[in-house]
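The structure appears right after this line, and notes come after that.
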């Protein structure tokens, strides 16, 4: 094989090729350096990308790093992007999603009790890969338990659920009182 490529080339290639956020531990193994050194290398790579104004940047999301197009440029790429974006989620779907995000793992019956209405939008949220079945409740009939997915974190720009805003700021506090 020849000489090893520069660390920045490996980082860029890994983030581009992975198609998903790449964690610092994965990058550390790839680069053959400690995890903290991998984080520093990613930060240095990110700074070089910003300085070069190349049309993409590193984003820390969902416990890893990925390459993204800055929002200011993304609007100019609309004609190239496919498929067209899905319609926005209904207010009912957003309420169900909020209940799941804040109370997970949660059963459909619990969602319906908190909302005071149907949780039929769970199917839509599953189709969009925002929620998934995470187990079964230890109750009569062993109902399915729902939780959010990595896609939820990605779509909402969160690195973890701990970044969800406090309930008082969401407008959903009335839904989640027990």
Can you tell which of 20, 29, 103 shows the greatest fluctuation in a Gaussian network model of the chain with Cα springs below 10 Å?
29
Residue-span extension gain [residue 50 to residue 75] - 0.36 nm each, minus C-alpha spacing:
7.2 nm
The residues 54, 114, sorted from fewest to most surrounding Cβ atoms within 10 Å, come out as 54, 114
With labels modelled as points extended 7 Å from the Cα through the Cβ direction, what inter-label distance (nm, one decimal) is found for residue 104 paired with residue 144?
1.4
Cα long-axis angle, helix 91-103 against the chain (0 to 90 degrees, to the nearest 10)
80
What percent does the relative contact order of the chain come to when contacts are Cα pairs within less than 8 Å and at least six residues apart?
18
Over the range 7-80, what is the relative contact order in percent, taking alpha-carbon pairs closer than 8 angstrom and at least six residues apart?
31
Highest to lowest packing among 46-53, 59-66, scored as the average C-beta count within 10 Å
59-66, 46-53
Enumerate the whole-percent occupancy of each 5 Å bin, from 0 to the last occupied one, for all C-alpha pair distances of the chain.
1, 7, 13, 15, 15, 12, 11, 11, 7, 4, 2, 1, 0
How long is the gain from residue 18 to residue 91 if the chain were fully straight, where each residue apart is worth 0.36 nm and the alpha carbon distance is subtracted?
22.9 nm
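Every number here is computed from the coordinates shown, using simple stated rules; none is lab data. All figures in this text were calculated on a predicted structure; none of them were measured in a lab. Glycine also receives a Cβ, built like all others from the backbone with ideal geometry; neighbour counts cover every protein chain displayed.
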